[in-house]
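Encoded as structure tokens, the structure appears first; notes follow it.
The values are calculated or read from the model by the stated rules, or taken from the named source; none is laboratory data. All values reported here derive from a predicted model rather than from experimental measurement. So basically every Cβ, Gly included, is an ideal-geometry build from the backbone, and we count neighbours across all protein chains shown.
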Amino acid sequence: MKRNKKKPEKNTKTTAKVTKTSSKSTKKEIPKTPSLLTEKHELQKAEVPRSQESCQSDKALVYVVGEAPMVEQYAELCIAHGYDVCISWNEPPSEKQNTLSPGIIISSTVPENTSIAIELTNIDVLAKKKNLEKLAKALPETAPILSSSITITATEQCAWIVGKYRLVGIAALPTFIDKLLVEVAPTIYTPMETLEVVSRFFLTIGKEIEIVQDRVGMVLPRILCRVINEAAFAITEDIAAPDDIDKALTLGMHFPLGPIEWAEQIGLDQVYAVLTALYTDLQEERYRIAPILKQMAMTGVWWKQSLAH
Amino acid sequence: MLKHLGIVGAGTMGTGIAQLAALSKIDVQLYDVNETILRRSIERIKADLRKMINLGKLPHEEFNATVERIRTRTSLPDIGHCDCIIESIIEDIRVKKDLFKHLDVNTKSTAVLASTTSSLSITSIAALTRNPERVIGMHFFHPVNTVSLVEVVKGYKTNTETLERAIEWAKLLGKNPIIVKDTPGFIANRISLPMFSEALRLLGENVAYAEQIDNIVKKIGGFSAGPFETLDQMGIDSALAETESLYDQSYGEPRLRPHPILKQMAESGLLGKKSAKGFYNYEEMK
């Protein structure tokens, strides 16, 4: 199948390889771009057995911080692909800690030998800022920071840190992390070297990348959360029963999951955070959040009508 | 009980429903104004039944009996005795209103009058009938033989008896019926619409290429087809007409607003697979 030539001009297209990035402003911003992958920090699986006691081994170390369950999911993915992994949560999920794979170390201190950091906060922007500031101070200047950028753009996040060239946005939501593709959003500061490292890192954990523009919601979170919001409006208007909505979309429109089941799996608080960010960023009525969705995100009560109904 | 089913319109949907009903041992009166269309419809059904026999899904000896359950008609009064009449004609509200007005007069008073419309209001379709309580929507999905969902759409005046019968008969045809209120796009089309409109906006805002968006939706979202592949498949003009219809019926709800890209493409003749060019180029596949 031959593709039409109708493509936006500014974007880049790559699958697990970097083809192009806007770097004029990058070069201006960064007088001296550090070499991001020295031999010492090269992101390859080491043969040497990993220490179970600390984050000190010859393997490349990934530090993952942010919200559950994404932190555990990325940690499991990285450790399964041969990395050393240290993690920290914004709010530790007590029941999860015992189910982590052996070797995943919980540490609020960012190890000095960290090769790459992943920040996974979508809901609490202040916590995200704090995490990024901490990472930027503690990490070696060669270590890239992959930061979920669906509720605030990666470029805006760069304003919080020194070493802006290190930060690259990714689309992270629960249910996305075990997939074989990840959306990556370079910022206006991102140099080619960082993208190359990021691309190589994702390849080593079994993921291809799709480079998209750095916008709130990126691609799939924006599409999916709008679908879920529409389902919430339909429930509010009593158009169909929640179970029937899922049935309609899976049986009639070939959705892999109904929007309500999907929202449950992602987490209503995450969906609400994405929709709030979209509404704030785009300032359009079409992104207005269904009141029932807001109430349920706040209360954690799922699709139950009030007594007034 | 559904003994005799009348179907008005022998296009793709009408033909599919006729086949389903005949396979469910229901006598079918298949009406169309055009005899050629009726002949083609029967030939399509025969071809499909032969395929089923070859696949072992239908005993050979049931072929003739199944075909003989379908009688073709070119006069509407000939289907007046049916227990249920399912309309499957052009998506034009004026044409449908006229038809239902006619059916209302020329069918037995207990018959259920159902429309397969995917985007028009059942309440509007029933507006010119004397008995709107027996008018209902039965929105089948394409391809009707394989997609099991039927949206049973309750119009403003549809009564409970009509609703219950429509649900029972949809199950008799082997379908999974769900009850839906009569609102623009009903449920499946309305809720899936943001997937397409948001994909178009992402494209319009240069966030990603169509090809990238499809790739992301498939590989991360787990969909079998991306939004642009689906739009090309259904036809850009059809997608535009449907979204415009929903937008108009909702009196300009911003969430349902069509995207200008669809209009520009439709006006440029980039209609998707049927014109060999849409969001993708299919010329080499010809």
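Here are the numbers for this structure:
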{"quantity": "Counted residues, the stretch A:225-254 - those being more than 7 Å from every other protein chain (Cβ to nearest Cβ) and either under 20 Å from residue B:219 (Cβ atoms) or under 20 Å from the mean Cα position of the chain (by Cα) (or both)", "calculated": "3"}
{"quantity": "Filter pass, residue B:168 being among the acidic types (Asp, Glu) and closer than 26 Å to residue B:235 by Cβ", "calculated": "no"}
{"quantity": "Residues satisfying the stated conditions in the stretch B:188-226, i.e. more than 18 Å from residue A:229 (Cα to Cα), in contact (Cβ under 8 Å) with a residue 12 or more places away in the chain and not small (Gly, Ala, Ser)", "calculated": "B:203, B:211, B:213, B:214"}
{"quantity": "The one condition in (1) in contact with a helix residue (DSSP H, G or I) (Cβ under 6 Å, 6 or more places away or on another chain); (2) outside the structural domain of residue A:171 (by TED's automatic domain parsing); (3) over 20 Å from residue A:175 (Cα atoms) that residue A:274 fails to fulfil", "calculated": "(3)"}
{"quantity": "Qualifying residue in the stretch A:130-147 (condition: touching a Lys or Arg at 6+ places or on another chain (Cβ under 6 Å) and at pLDDT 95 or above)", "calculated": "yes"}
{"quantity": "Cβ-Cβ under 8 Å pairs, at least 6 apart or on other chains, the stretch B:119-142 side farther than 22 Å from residue B:247 by Cβ and surrounded by fewer than 19 Cβ atoms within 10 Å (Cβ to Cβ), far side hydroxyl-bearing (Ser, Thr, Tyr) and at pLDDT 95 or above", "calculated": "B:133/B:158; B:133/B:162"}
{"quantity": "Any hit, the stretch A:165-183, residues being touching a residue at least 40 places away in the same chain (Cβ under 8 Å), aromatic (Phe, Trp, Tyr), in a helix (DSSP H, G or I) and away from chain B (no Cβ under 14 Å)", "calculated": "yes"}
{"quantity": "Filter pass, residue A:200 being under 24 Å from residue B:195 (Cα atoms) and among the basic types (Lys, Arg)", "calculated": "no"}
{"quantity": "Qualifying residues in the stretch B:157-182 (those that are at the interface with another protein chain (Cβ under 7 Å from one of its Cβ atoms) and crowded, with 22+ Cβ neighbours inside 10 Å) - the one farthest from residue A:234 (Cα to Cα)", "calculated": "B:178"}
{"quantity": "The stretch A:249-268 residues that are at positive phi, paired with ones that are polar (S, T, N, Q) and part of a loop (DSSP other than H, G, I, E, B) (beta carbon under 7 Å, 6 or more apart)", "calculated": "A:254/B:224"}
{"quantity": "Count of residues meeting criterion [more than 25 Å from residue A:213 (Cβ to Cβ) and either in contact with a His (Cβ under 6 Å, 6 or more places away or on another chain) or part of a loop (DSSP other than H, G, I, E, B) (or both)] in the stretch A:132-145", "calculated": "4"}
{"quantity": "Leading residue by the ranking (surrounded by the fewest Cβ atoms within 10 Å (Cβ to Cβ)) among those in the stretch B:240-286 that are at the interface with chain A (Cβ under 10 Å from one of its Cβ atoms), assigned to a helix (DSSP H, G or I) and of a type in the set (D, E, K, R)", "calculated": "B:284"}
{"quantity": "Subset of the stretch B:143-154 that is free of Cβ contacts under 8 Å to residues at least 40 places away in the same chain and among the hydrophobic types (A, V, I, L, M, F, W, C) - its residue that is surrounded by the fewest Cβ atoms within 10 Å (Cβ to Cβ)", "calculated": "B:147"}
{"quantity": "Some residue of the stretch B:195-207 being surrounded by fewer than 24 Cβ atoms within 10 Å (Cβ to Cβ), in the same structural domain as residue B:11 (by TED's automatic domain parsing) and touching a helix residue (DSSP H, G or I) at 6+ places or on another chain (Cβ under 6 Å)", "calculated": "no"}
{"quantity": "Answer from A:212, A:197, A:219 - the residue that is more than 26 Å from residue A:124 (Cα to Cα), under 19 Å from the mean Cα position of the chain (by Cα) and either touching a residue at least 24 places away in the same chain (Cβ under 8 Å) or within 7 Å of chain B (Cβ to nearest Cβ) (or both)", "calculated": "A:197"}
{"quantity": "Selection status of residue B:231, at pLDDT below 95 and out of contact with any Pro (no Cβ under 7 Å at 6 or more places or on another chain)", "calculated": "no"}
{"quantity": "Test set (1) modelled with pLDDT of 95 or more; (2) surrounded by 24 or more Cβ atoms within 10 Å (Cβ to Cβ); (3) more than 8 Å from every other protein chain (Cβ to nearest Cβ) - residue B:185 fails condition number", "calculated": "(1)"}
{"quantity": "Of residues in the stretch B:227-239 being farther than 21 Å from residue A:224 by Cβ and touching a Leu at 6+ places or on another chain (Cβ under 6 Å), the one surrounded by the most Cβ atoms within 10 Å (Cβ to Cβ)", "calculated": "B:236"}
{"quantity": "Hey, residue A:105 touching a residue at least 40 places away in the same chain (Cβ under 8 Å), hydrophobic (A, V, I, L, M, F, W, C) and assigned to a loop (DSSP other than H, G, I, E, B) or not", "calculated": "no"}
{"quantity": "Filter pass, residue B:192 being more than 9 Å from chain A (Cβ to nearest Cβ) and farther than 30 Å from residue B:2 by Cα", "calculated": "no"}
{"quantity": "Looking only at the stretch B:92-101, and only at residues there that are touching a residue at least 24 places away in the same chain (Cβ under 8 Å) and over 13 Å from residue B:135 (Cβ atoms), the one that is surrounded by the most Cβ atoms within 10 Å (Cβ to Cβ)", "calculated": "B:93"}
{"quantity": "Count - residues of the stretch A:267-286 that are buried (at least 17 other Cβ atoms within 10 Å of the Cβ), part of a helix (DSSP H, G or I) and modelled with pLDDT under 95", "calculated": "2"}
{"quantity": "Pick from the stretch B:123-155, criterion of a type in the set (Ser, Thr, Tyr) and more than 14 Å from the chain's Cα centre (by Cα), ranking: farthest from the other protein chains (Cβ to nearest Cβ)", "calculated": "B:129"}
{"quantity": "Leading residue by the ranking (nearest to residue B:214 (Cα to Cα)) among those in the stretch A:146-164 that are among the small types (Gly, Ala, Ser) and part of a loop (DSSP other than H, G, I, E, B)", "calculated": "A:149"}
{"quantity": "Members of the stretch A:56-86 that are more than 16 Å from residue A:143 (Cα to Cα) and assigned to a strand (DSSP E or B)", "calculated": "A:66"}
